[in-house]
1. How charged is the neighbourhood of Leu70? Take every other residue with its Cβ under 11 Å from the Cβ of Leu70, and add Lys/Arg as +1 and Asp/Glu as -1.
2. If I model a spin label at Ser82 and Arg31 as a point 7 Å from the Cα along the Cα→Cβ vector, what separation in nanometres do I get?
3. Along its three principal axes, how long is the range 25-84 when you only count alpha carbons? Whole Å, largest extent first please.
Amino acid sequence: MDLIHWPRGIDPRRAVHDLVAMSRSIAIDARWNPKAGVWIATSEEVPGLVVEADTWPGMIEEVRLVLPELLDVSGKPADNLSLTF
């Protein structure tokens with residue numbers, strides 16, 4: 001029987017529990033509007049999410065600020081989120 005050598009810090013007995021703790025991914029559609037000179041972020045998964053910002057980092061920060069409140073209003077949990085732009 002082959003033995004599996006798990007990397008340090010990985011406990012195979014907790015594998016199922018680790019899956020439960022994984023983050024939920026939300027896709028954010030971010031587009032540059034050259035006429036307005038701003039980034040615009042929306043998401044089909046989060047009704048009401050429309051964010052504009054002059055810079056990419058600013059847009060990401062704005063999304064992170066408003067997203068928990070929008071999720072709360074829609075009755076979805078806002079913990080353990082992973083955003084994909």
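1. Neighbourhood net charge equals -2.
2. Calculated label separation equals 2.7 nm.
3. Principal extents (largest minus smallest coordinate, Cα): 35, 18, 16 Å.
Since every read-out is calculated from the coordinates, none of them should be taken as a lab result. Just so it is clear, the model here is predicted, and its values are computed rather than measured. So basically every Cβ, Gly included, is an ideal-geometry build from the backbone, and we count neighbours across all protein chains shown.
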